[in-house]
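Right, one structure below, let's go through it.
Each reported figure results from applying straightforward, stated rules to the coordinates on display, with no laboratory input. This is a predicted model, so every value here is computed, not measured. Ideal geometry is used to build each Cβ from the backbone, glycine not excepted, and the neighbour counts take in all protein chains shown.
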Amino acid sequence: MPPNKVHAACAARLASFATLVVAFVVFVALFPAAGYADDLQVDPIVVTATRQATRTSELTSDVSVITRDEIDQAGESTLAKLLARQPGIQYVENGGAGTNSGIFIRGANTNQSIVLIDGQRIGSATSGSPALSRIPLDQIERIEILRGPASSLYGADAIGGVIQIFTRRGEGPTRVNATTGYGSYGTTDTTIGVSGGSDLISYSVQAGYLDTSGFSAINNRRSVYFNPDRDGYYNKNLSANLAVRPAAGQEIGVNLLASQGTNQYDSNDFSPAGAAQNFNSDQTIGSFSMYSRNRLNQAWTSTLRVGRSTDDTTDYAGNIKSSRFRTDMDLASWQNDIKLPVGEALLAAEYLKQKVSGTTDYEVNERIIRSVLAGWNGRLDEHRLQLNVRRDDNSQFGAETTGSASYGYQFTPEWRAHVSYGTAFHAPTFNDLYYPGFGNPDLKPETAKNSEVGVNWERGSHRFSAVLFNNDLTNLIQLRPPTYAPVNVSQALLRGATLTYDGRFSPWALGVVLDFLDPRNEEQGANNGNRLPRRAEQQMSSYVTRTLGQWELRAEWQLVGNRYEDPANLKRLGGYGLVNVYADYRLQRDWAFFVRANNIFDKAYETAADFATAGANIFVGVRYAPK
């Protein structure tokens, strides 16, 4: 499609979106307050959007939260699939559980967003992406999602956004929790833990084990990769948290998450004989950090944090080790939160060392990033402001400075709006820079300039938001023939809109997310105006729940538009619709029986060409969780 027609089509889609927004605004303005229930928390405290504890109603950014209750209802679903039901997120998965997977936040590449675990950055410095498939849902207390560029807060790679995962915590009397279940594809999943806490100390230890026979990762029988055997996966995982508060305003703590698993996958050997072999990938991810949070006086709180994350992958062809890639990231940070007469200031310094090792001999195997950042957020009557600036000095390619500014206004107790502008960048990976015979040490970081406008409405236990964004990316890294060495040649434009509603009409609750995305290649050449691979232009995710005595019933419906596998937009991946259901029955106060059925109509679909996805499947279990 010619570029002028592409832009016209996008304008038409955004005009349709604007019509939906106006219609909803008229609806909620006239809707009687008596129709609402007030028993749903709609104003949680989050930290990811500002690096300081802030209520969502005070933010000038696009944020959502996944609670432990929502995670429980996900059953044995993967983290990537759970995230894909959130606003502005799509996902791709190369087969079943444990295989490579990634997410696109607002259309950004899978390596253009950051994942944190308890404040500690995780991921591979060789591939550039975090191992989402190896993070077990059973170990997660809550998830915060910040959409939009956030390099001014978190540094390199936060072009699409930031996902922060908080592992499970303890409070109150010592209690044991446990969950176990069995499902399709020979899946078993068991977690047991103990937690508790007081004013002086809090603690939690959780251990889990998952095992599944899976299904063949490749579903195209004509592919040279195809092997009809099942590609299974097992994982064992552990999390631990300890916090000690010797005095008011003083806290010392440690956070730990470790996950080790092995998955089978179909051959990457271009031969029928190679496809018949058993290929396995053994991967361990870990995150460990220690912190000291100290209120030095009424206005100044200091937080020191040191930690290490590890991503260690070893691949086997049969019983022979074929490759190993390991990334160790050491982080030290000092953050100062200072209360001012108006608002709160943020001053911080960070040190990050990334080191790679394994079977590949990189010309350079480590880099150091030294960073300083400053920010301020506050409220003046009905006005809200947030300002941030950060400078990252990278030993590989020099310094990058990013910044952001956002403004919000509270029109009425129910209506507020915000506008923002921010810059971000993505650092080249070690593979991009130094992979033998392939890397290009002269690469520059990919950069982004994003502007957005949003409106929020809240009344009782109901909330609505509409966000429009425009993200202009330059210096994108592509592999170019004839050498296929990575070069900075490409440009892209990510623009779109998200419409979200969530609320409760007791005993009913429902929610719907509509995403409109125009992810375009802006590079001059044959692919100009083409859609970026594996992104859909439209996506809808919805749910409805019903409380019925001791029963909690939930149904989900997800629609994803068509996508293209290749930059030339020649290989089309069809759109799909999925229906999932969940039910739990409260046997006693602390015991529940639950069942989750995914893809109940057995829809055949692909998120990546030739890679299989799960058909109709069910998982049943029992949960003991003292209240």
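Quick notes on this one:
- Of the GluC sites (Glu not before Pro) in segment 286-379, those whose Cβ has at most 10 other Cβ within 10 Å and which sit in DSSP loop: none
- For L200 and N562, a Förster radius of 56 Å and the Cβ-Cβ distance give a FRET efficiency of 0.50, rounded to the nearest 0.05.
- For segment 87-190: relative contact order, % (alpha-carbon pairs under 8 angstrom, 6 or more apart): 24 percent
- The residues packed around S302, meaning those with a beta-carbon under 12 Å from its beta-carbon, carry a net charge of +1 if Lys and Arg are +1 and Asp and Glu are -1.
- Relative contact order computed over segment 235-353 (Cα-Cα under 8 Å; 6+ residues apart), in percent: 18 percent
- Those lysines that a straight Cα-Cα span of less than 30 Å connects to K444, excepting residues fewer than 8 apart in one chain: K353, K355
- Karplus-based coupling profile of segment 53-65, in residue order and whole Hz: 5, 9, 6, 4, 5, 9, 7, 10, 9, 9, 9, 9, 10, with θ = phi - 60° in 6.51 cos²θ - 1.76 cosθ + 1.60 and x standing for Gly or Pro.
- Projecting the Cα positions of L573, P533, I145 onto the charge dipole of the chain (unit charges on Cβ atoms of Lys, Arg, Asp and Glu, taken about the Cα centre) puts I145 furthest along the positive direction.
- Neighbour cut-off at most 14 other Cβ (10 Å), DSSP loop, trypsin sites (Lys or Arg not before Pro), segment 565-598: K571, R589
- Listed by chain and number, the lysines whose C-alpha is less than 23 Å from the C-alpha of K81, apart from same-chain residues fewer than 8 away, are K236, K603.
- For S322, nonlocal amide neighbours, meaning residues 5 or more places apart or on other chains whose placed amide H falls under 5 Å from its own, are D315, Y316, A317.
- Phi angles of segment 448-459 translate, via the Karplus equation with coefficients 6.51, -1.76, 1.60 and θ = phi - 60°, into HN-Hα couplings of 9, 10, 10, 10, 8, 9, x, 9, 10, 10, 9, 8 Hz per residue; Gly and Pro are given as x.
- Net charge, N377 excluded, C-beta distance under 11 Å - Lys, Arg +1, Asp, Glu -1: 0
- When peptides 128-135, 496-503 are ranked by their average number of other Cβ atoms within 10 Å per residue, the highest-first order is 128-135, 496-503.
- Ordered by the count of other Cβ atoms within 10 Å of each Cβ, fewest first, I159, I105 give I105, I159.
- Where the Cα pairs of the chain fall when distances are cut into 20 Å bins, in %: 18, 56, 25, 1
- Under a 5 Å amide H cut-off, with hydrogens placed 1.01 Å from N, Y91 pairs with F104 among residues at least 5 apart or on other chains.
- Straight-distance crosslink candidates among lysines, where the alpha carbon sits under 26 Å from K449 and sequence neighbours closer than 8 are dropped: K5
- Basic side chains Lys and Arg get +1 at the Cβ, acidic Asp and Glu get -1 at the Cβ, and with that the dipole of the chain about its Cα centre reaches some 480 debye.
- A straight line joining the Cα centroids of segment 594-627 and segment 40-84 runs 22 Å.
- Taking chymotrypsin sites (Phe, Trp or Tyr not before Pro) across segment 186-227, none is in a DSSP loop with at most 12 further Cβ atoms lying within 10 angstrom of its Cβ.
- Dipole of segment 3-624, positive end: most advanced residue of N431, L340, V620 [Cβ charges, Cα centre]: L340
- Across the chain, the relative contact order, built from alpha-carbon pairs under 8 Å that are at least six residues apart, equals 12 percent.
- Potential lengthening between L510 and L479 on full extension [0.36 nm per residue; Cα-Cα distance subtracted]: 6.7 nm
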